[in-house]
1. Ranked by accessible surface with a 1.4 Å probe, highest first, in what order do A:669, A:413 come?
2. Calculate log10 I(q)/I(0) of the range A:78-208 for q = 0.16 Å⁻¹, where I(q) comes from the Debye formula with a single equal point scatterer on each Cα and nothing for solvent.
3. Just the number please: accessible area per residue for the range A:33-130, 1.4 Å probe, all protein chains included, in Å².
4. For the pair residue A:399/residue A:559, report the inter-label distance in nm, with labels modelled 7 Å from Cα in the Cβ direction.
5. Straight-line reach only, C-alpha to C-alpha below 12 angstrom: list the aspartates and glutamates that residue A:193 could link to, leaving out same-chain residues fewer than 8 apart.
6. In nm, to one decimal, how far is the modelled label at residue A:462 from the one at residue A:206, with both set 7 Å along Cα→Cβ?
7. What distance in nm separates the simple spin-label points at residue A:271 and residue A:622, each placed 7 Å from Cα in the Cβ direction?
8. Ranked highest first by the average count of other Cβ atoms within 10 Å around their residues, in what order do A:256-269, A:238-251 fall?
Amino acid sequence: MSYNFAQIEKKWQDIWDQEQPFACSDDYTKPKYYALVEFPYPSGQGLHVGHPRPYTALDIVARKRRMQGYNVLFPMGWDAFGLPTENYAIKNHVHPAQVTAQNIKRFKAQLKALGFSFDWSREINTTDPSYYKWTQWIFLQLFKHGLAYKAEMAVNWCTSCKCVLANEEVVGGVCERCGSEVVRKTKSQWMLKITDYAQRLVDDLDKLDFIDRVKTQQRNWIGRSTGAQVKFPTSQGDDLVVYTTRPDTLFGATYMVVAPEHPLIEKWVGSITNMDDVRAYQQKAAHKSDFERTELNKDKTGVQIKGVTAVNPLTGKEIPIFISDYVLVSYGTGAIMAVPAHDTRDYEFAKKFHLPIVEVVQGGDIEKQAFTDCDTGIMINSGFLNGMTVEQAKEAIIQYLEEKGIGAKKVNFKLRDWVFSRQRYWGEPIPIVHCDKCGYVPLDESQLPLVLPDVKSYEPTDNGESPLAHMEDWVQTTCPKCGGPARRETDTMPQWAGSSWYFLRYTDPHNDQALASPAALKYWLPVDWYNGGMEHTTLHLLYSRFWHKFLYDIGVVPTPEPYQKRTSHGMILGENGEKMSKSRGNVVNPDDVVREYGADTMRLYEMFIGDFEKSAPWNPSSIKGCSRFLDRTYQMFDMLCEGQIRPEMEGDFHRTIQKVSQDIEDMKFNTAIAAMMTLLNKIYDTKSVTREEFKIFITLLNPFAPHVTEELWEMCGFPGRLNQTSWPEYDPAKCVENTVEIAVMINGKVRAKLQVAADISEQDAIAAAKANDRVQEFLGNMNVVKEIYVKGKLVNIVAKP
RNA sequence: GCCGGUGUGUUGGAAUUGGCAGACGAGACGGACUCAAAAUCCGUUGUCAGCGAUGGCGUGUGGGUUCGAGUCCCACCACCGGCACCA
């Protein structure tokens, strides 16, 4: 027989709405805990069963922390700007704001039905002008500090969204969002100089408690490498500057390659004798998308620049210069020295163009292939470097280059600046105007928020302009500086803008003087525990660290990093083990689960499904186990009797408190639940439960299943509310058992089991093991070679015939 | 190609980090209750051999280290995620 979860859950949700027990206090003298989950994009489909997994996990943490006496901030809001809403609005001829409001209403009802302990008084919405006022304000600060600039450049253009994408949004050559082809397009774009922070974004990872795979992925994305910048003189008098991570191989540089877009080519036009060929190659390269360029990586192409040569500064030899699209303009200096003997790409190119290959590190067979994995090799054919190890040569050459003034040590990053413009309607307007006289001029801060105007059509344009560009009334304005006629920026910000600082707003969400008060920021920051998806590691997570560091530099926030701890959950897959999606038809709606089993069962199952960090398939029949467990918990009320913890149950209770407490900290929610199930089974075996035992049991279970446990608390007549009580303590001394079962192994195979006192001495344990009949039988007349005793675990007797 | 991760019964997954593999669930089978079914309760459930006590074999594959390996080392296979001509 099932308890009436529908009635109980509704009852407590109403009570929580009324009593607001989860609203955090503004008493800044209390110890604080800031638990954060990524706020959702309120899509038209509503919540799916993947959302509640991280929310439940941190809800458990937040509820536990409150019981431990912390002032807990556990907020929720809406990351509501974005394309799907805009597309829906276009299709159905409704204003995106209206669509957003509807979707939020649905999401909020669904979240409330799951009993999350969010502080709803701090709800935020990125599309609210009182919110995006501050997003715009931060942009103005970036602009004023030279970190936002407009640049004409080749960008990623999604052919379907008709919109520019950031590098981070292009996945495998296609649009991350819609999967359509991405092409190169030259456009004037707002850019944010995240590259200025590359070094700090890498270095500061060391101080943070992020899970390793997040750190690794961010490090790889930022891509720091250490090498040298070297000047190669040319026949034109200009130096051709290259970046290399292998300055030790400089003697082996037998030719040079510049990117097709390299600016020196234009300078050399007059001297280049095969300009037609060069131009043809440039044209071809320009028409390839990035994807096509990398597709063709098996076959190197290129053209020699005739009429211009360079000189290897160490060998003094004249060497040819090529253009080839295997060299990228956007990395390093856009030019390389080619060392075919020790670089696979250079090797292929040299073979194809019959260029000399000079071995400078001994150990490989350069007749067959480039010798790249040569850290342990010895230098040859390298003048004063001969005989050195690669490592020694690196130091020696850099010293030499610096002394002679022809090069220097240099650190490079793969990270590029952030393309910040989007040619769409449903985003934050960029608060900049363009004046023919004054250039790009920021709006005065008093003019914020610059509100998104109503337009007739949200349809993106084919010419690559934002729908806002049609709003002549809005676009035409006056220059804040000279008062002359000027035009507003019509591109909007990317979706990542609002989410780059939202966690700051939660600390003081209604402030209209600042993005948040310094006192609130000082108290609440940094976020103590932030959980979110791996897919945001090189997007939202990196962007928000960048903005935060900038805000720290200008004195707005008190900490150099926004989040102290970052964890990530695994995805919930469909029953067939595939990613849940509408097109695969394997989407599970949480509303159905709540209706059939209740929110508490749903929460419990989401946590019991498996390792929190790994993805797991949804299995509807497995939910039954969680449902039965809660039923049995409820039925336990009928076994209730007066009294403290029974002596024979003491160890079990203390161990369970210990296990559940620790497992929550380690995100091992599944084993925490298993421990509670084991305890419940044991209680059922005794057919009774004392009030004190029951109190502990439902307190431990409360963060997982808050409704039914609160109800049971009330039914028992315990004072106040369960969520206001304190987390149970355990006594380590009572966790240890006084007798333990140890295994007796002979040559590594278990042959007997013994009950012994937990503190038995090694000698006694071994003696007891040897006295055992079965052991004697197995030992027969073999010679005991060795005896091993592992305290409380086993005795292993090694014997030979 | 590079970086990261995973591989355990029929099934989702445990295993104190080198110490009794399979906790806790699901499913299946047997039984109780029931006119019957559902629900609930009790029992069995890695695999092979044996009536049995018991024994052999078992954590993707092949080697190794160790008294002892799911766990450590070497080589390989499969799958998943990220990056990808980054000099």
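The values are calculated or read from the model by the stated rules, or taken from the named source; none is laboratory data. All of these numbers come straight from a predicted model, not from anything done at the bench. Here the Cβ is made from the backbone with ideal geometry for all residues, glycine too, and neighbour counts use every protein chain on show. In case anyone asks, the SASA skips ligands and DNA or RNA and just uses the protein heavy atoms, side chains included. Shrake-Rupley method; radii C 1.70, N 1.55, O 1.52, S 1.80 Å.
1. A:413, A:669
2. Each listed q maps to, in turn, -1.19.
3. Using a 1.4 Å probe on heavy atoms only, each residue of the range A:33-130 averages 30 Å².
4. 4.4 nm
5. The qualifying aspartates and glutamates are A:417.
6. If labels sit at residue A:462 and residue A:206, their model points lie 5.5 nm apart.
7. 6.9 nm
8. The packing order, highest mean first, is A:238-251, A:256-269.
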